[in-house]
Amino acid sequence: MCPVKMAALRVAVLLGLCLGCAAAAVPLVIWHGMGDSCCNPQSMGYIKKIVENKIPGIYVLSLKIGNNLIQDMENSFFMNANDQVREVCSQLAKDPHLTGGYNAMGFSQGGQFLRAVAQRCPSPPMLNLISIGGQHQGVYGFPRCPGESSHICDWIRKMLDLGAYTQAVQEHLVQAEYWHDPLKEEDYRKNSIFLADINQERGINETYKKNLMALKKFVMVKFLNDTMVDPPISEWFGFYKSGQAKETIPLKETLLYTEDRLGLQEMDKAGKLVFLGVKGDHLHFSEEWFYSTILPFLQ
């Protein structure tokens, strides 16, 4: 082979190696929480930046629901969660960067929303799900609200008091859709249009179970000093013991686990469930903690 062709071949091989290195970074999809937006430089924009800095060549998609950041924030309160999940599934299916699979990281309510994506939309495949402060058994209270949204939360509390499980409130108030009243379990099971469905409260959807069990890892982060989520153990899939609102039980004591309605028991035995605790209030964590504890699941 002539020297020119040899040199060209070397260049091609080197380029191929470099492209292979870039392709080795699994794409990441992130979904923000209540009152936030996709690209806030203090939150999701910051997370996107530090992940990109630590994992060269990674593609990070920070989900936006709506045409602009204001709509994205408003939709986190008022757009039906099922419609949001449907919109995200459509976004992911159309994104050419994700065809080979992706990791997902949800913050606060974004955690349970991305779990719904994993259960309902297996293509493209979600590989690992990291829930940071997600409320997987729902909430029974909003002790406080993020940022400047307190007036909205005051209104939300009034609506929940009036009737969390009425059709009008369920259809138009996101937080009602994962409101879990331990004193009204039957109302919750019958009328919750989002959480009761993805938590298999009305029967077993084998497709949901199969799709969730396809995850390599399901990581749940609980904030040990959380003053926003009631009860905080929901972040580890625990909840109040039925019929009262004082004593909580861990995931392993819930019917969801003992009856293995979602496959969590089997996933646990296979080492797929990871429970992490971090000191601090809701979504308060250090960059160092994120690098040492969360980043390894993305590499």
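A few comments on the model shown:
- Members of the stretch 216-232 found to be β-branched (Val, Ile, Thr), touching a Pro at 6+ places or on another chain (Cβ under 7 Å) and either assigned to a helix (DSSP H, G or I) or modelled with pLDDT of 95 or more (or both), listed by number: none
- Residue satisfying all of: in the stretch 247-256; in a helix (DSSP H, G or I) and open to solvent by 40 Å² or more (accessible area, probe 1.4 Å); modelled with the lowest pLDDT among these: 255
- Extreme residue, nearest to residue 267 (Cα to Cα), among residues of the stretch 177-209 that are part of a helix (DSSP H, G or I) and within 18 Å of the chain's Cα centre (by Cα): 209
- The residue that is modelled with the lowest pLDDT, among those in the stretch 141-176 that are part of a loop (DSSP other than H, G, I, E, B) and of a type in the set (S, T, N, Q), is 149.
- Some residue of the stretch 131-140 being outside any strand (DSSP E or B), modelled with pLDDT of 95 or more and among the polar types (S, T, N, Q): yes
- Consider the stretch 26-85 and keep the residues that are among the small types (Gly, Ala, Ser) and out of contact with any Phe, Trp or Tyr (no Cβ under 6 Å at 6 or more places or on another chain). The one that is nearest to residue 295 (Cα to Cα) is 57.
- Test: residue in the stretch 193-215 that is open to solvent by less than 60 Å² (accessible area, probe 1.4 Å), touching a Phe, Trp or Tyr at 6+ places or on another chain (Cβ under 8 Å) and among the small types (Gly, Ala, Ser): yes
- Just one of (1) assigned to a helix (DSSP H, G or I); (2) within 17 Å of the chain's Cα centre (by Cα) fails for residue 50. It is (2).
- Considering (1) open to solvent by 30 Å² or more (accessible area, probe 1.4 Å); (2) within 19 Å of residue 110 (Cβ to Cβ), the lone condition that residue 290 does not fulfil carries the number (1).
- Selection within the stretch 257-287 - in a loop (DSSP other than H, G, I, E, B), open to solvent by 30 Å² or more (accessible area, probe 1.4 Å), of a type in the set (A, V, I, L, M) and in contact with a helix residue (DSSP H, G or I) (Cβ under 9 Å, 6 or more places away or on another chain): 270
- All positions within the stretch 220-249 that are more than 14 Å from residue 141 (Cβ to Cβ) and among the aromatic types (Phe, Trp, Tyr): 223, 236, 237
- Scanning the stretch 217-233 for residues that are surrounded by 13 or more Cβ atoms within 10 Å (Cβ to Cβ) and in contact with a helix residue (DSSP H, G or I) (Cβ under 9 Å, 6 or more places away or on another chain) returns 217, 218, 219, 220, 221, 222, 223, 226, 229, 233.
- The stretch 237-246: number of residues that are crowded, with 21+ Cβ neighbours inside 10 Å and either hydrophobic (A, V, I, L, M, F, W, C) or in a helix (DSSP H, G or I) (or both): 2
- Among (1) out of contact with any Ser or Thr (no Cβ under 7 Å at 6 or more places or on another chain); (2) open to solvent by 20 Å² or more (accessible area, probe 1.4 Å) - the single one residue 39 does not satisfy: (1)
The values are calculated or read from the model by the stated rules, or taken from the named source; none is laboratory data. Note that this is a predicted model, so its numbers are computed, not measured. Please note: Cβ atoms are built from the backbone with ideal geometry, for glycine as well, and neighbour counts cover all protein chains shown. For the accessible areas, the whole protein counts, side chains as well, though only heavy atoms, and no ligand, DNA or RNA atoms are used. Shrake-Rupley method; radii C 1.70, N 1.55, O 1.52, S 1.80 Å.
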